[in-house]
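Report on the following structure.
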Ligand code: AMP
Ligand code: MG
């Protein structure tokens, strides 16, 4: 396809349990296709390295051994873990990559959700807490202080892969691209071929075929966390797969939370955190972190449509809807 100042190339692959999609533009179609292929190969490599579901992934090896002795990890994984620890501390533990035992107790790891008995929740909670994880910057090691702890990068790994792709595309001189990991995290690199910001739709949480709103973005990560894709209905309540690690219960209050940040890793982690924190905590976080903004879609009473709560004055809503 020719478009404005160049050619537009699309490429996709299945990785990290979702469809990764790249839309990039530039002058030379063949060059863009080769760059896209290389970028998607990198996504597949990251999936093998970071997945807690894959036996012998780097994360699986950490989980198998880090409560016995410090485990040396790659500089890449170390930096990602350090960023996760910083976000956990800044969100009062709402974002926590050690939440795995709770995700398993609630059946979300195996995609067979159920309400666990209270003693099981309490036992899982005893093995959760980012403060029980130690990073040694000098030796690039990770250790767990509590038996049975584990890490799961499900709330940040897709964003990390999107950032790696964005960095590679920049290095290769690609002037503009949209990088999507499924429907949950995107990065808008540069602009569209006509020089205007990219348009990113935010799915309506109760009807993903509709858009709740459209954002105009450039050089930013945008992520969406919600409770309607993987969830369980019990006792008249909807329990989603995002757990509040402080209580051991699925977070309540929002239908979805969208975070915008300078990187997709950060927006991915923060969308999960904002979903747990709710409106007040998200406002507090955004007011002390310039460059981070949010759109929250609260649960409403029957019959009402969602009304987005916009937090941050740099959010640009687009009139036009991208197709
Ligand atoms: P996301 O869709 O990015 O919000 O990530 C949700 C996934 O992260 C879940 O399926 C769990 O595997 C994991 N998770 C659940 N709750 C949390 C939490 N509070 N902090 C970090 N990861 C979580
Ligand atoms: Mg996330």
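The values are calculated or read from the model by the stated rules, or taken from the named source; none is laboratory data. The structure displayed is predicted, hence computed values, not measured ones. Note: ideal-geometry Cβ built from the backbone for every residue, glycine included; neighbour counts use all protein chains shown.
Points to keep in mind about this one:
- Criterion (in contact (Cβ under 8 Å) with a residue 60 or more places away in the chain, closer than 30 Å to residue 68 by Cα and within 16 Å of ligand 1 (Cβ to nearest atom)) met by exactly one of 154, 148: 154
- Once the stretch 249-271 is narrowed to residues that are assigned to a helix (DSSP H, G or I) and in contact with a strand residue (DSSP E or B) (Cβ under 7 Å, 6 or more places away or on another chain), the residue that is nearest to residue 296 (Cα to Cα) is 271.
- In the condition set (1) in contact with a strand residue (DSSP E or B) (Cβ under 8 Å, 6 or more places away or on another chain); (2) at pLDDT 95 or above; (3) assigned to a loop (DSSP other than H, G, I, E, B); (4) surrounded by fewer than 24 Cβ atoms within 10 Å (Cβ to Cβ), residue 155 is compliant with all but (4).
For every residue, the table says whether it meets (1) within 30 Å of residue 281 (Cβ to Cβ); (2) within 16 Å of ligand 1 (Cβ to nearest atom); (3) modelled with pLDDT of 95 or more; (4) touching a helix residue (DSSP H, G or I) at 6+ places or on another chain (Cβ under 6 Å).
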| position | (1), (2), (3), (4) |
| --- | --- |
| 1 | no, no, no, no |
| 21 | no, no, yes, no |
| 30 | no, no, yes, no |
| 33 | no, no, yes, no |
| 47 | no, yes, no, no |
| 72 | no, no, yes, no |
| 88 | yes, yes, yes, yes |
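- Lone unmet requirement of (1) within 28 Å of residue 124 (Cβ to Cβ); (2) outside any loop (DSSP other than H, G, I, E, B); (3) modelled with pLDDT of 95 or more; (4) more than 16 Å from ligand 2 (Cβ to nearest atom) for residue 246: (2)
- Among the conditions (1) surrounded by 18 or more Cβ atoms within 10 Å (Cβ to Cβ); (2) closer than 17 Å to residue 158 by Cβ, the only one that residue 230 does not satisfy is (1).
- Within the stretch 206-227, being surrounded by fewer than 21 Cβ atoms within 10 Å (Cβ to Cβ) and within 16 Å of ligand 1 (Cβ to nearest atom) holds for one residue alone: 208.
- Checking the stretch 162-176 against the condition returns no match, with no residue being modelled with pLDDT under 95, more than 21 Å from residue 30 (Cα to Cα) and in contact with a strand residue (DSSP E or B) (Cβ under 7 Å, 6 or more places away or on another chain).
- Tallying residues that are at positive phi and touching a residue at least 12 places away in the same chain (Cβ under 8 Å) within the stretch 236-256 yields 2.
One line per residue, one yes/no per condition, for (1) surrounded by 20 or more Cβ atoms within 10 Å (Cβ to Cβ); (2) out of contact with any strand residue (DSSP E or B) (no Cβ under 7 Å at 6 or more places or on another chain); (3) not in a strand (DSSP E or B):
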position: 13; (1), (2), (3): no, no, no
position: 19; (1), (2), (3): no, no, no
position: 25; (1), (2), (3): yes, no, no
position: 31; (1), (2), (3): no, yes, yes
position: 39; (1), (2), (3): yes, no, yes
position: 44; (1), (2), (3): no, no, yes
position: 48; (1), (2), (3): no, yes, yes
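- Total residues in the stretch 80-126, condition in a loop (DSSP other than H, G, I, E, B) and either in contact (Cβ under 8 Å) with a residue 60 or more places away in the chain or more than 20 Å from residue 238 (Cα to Cα) (or both): 17
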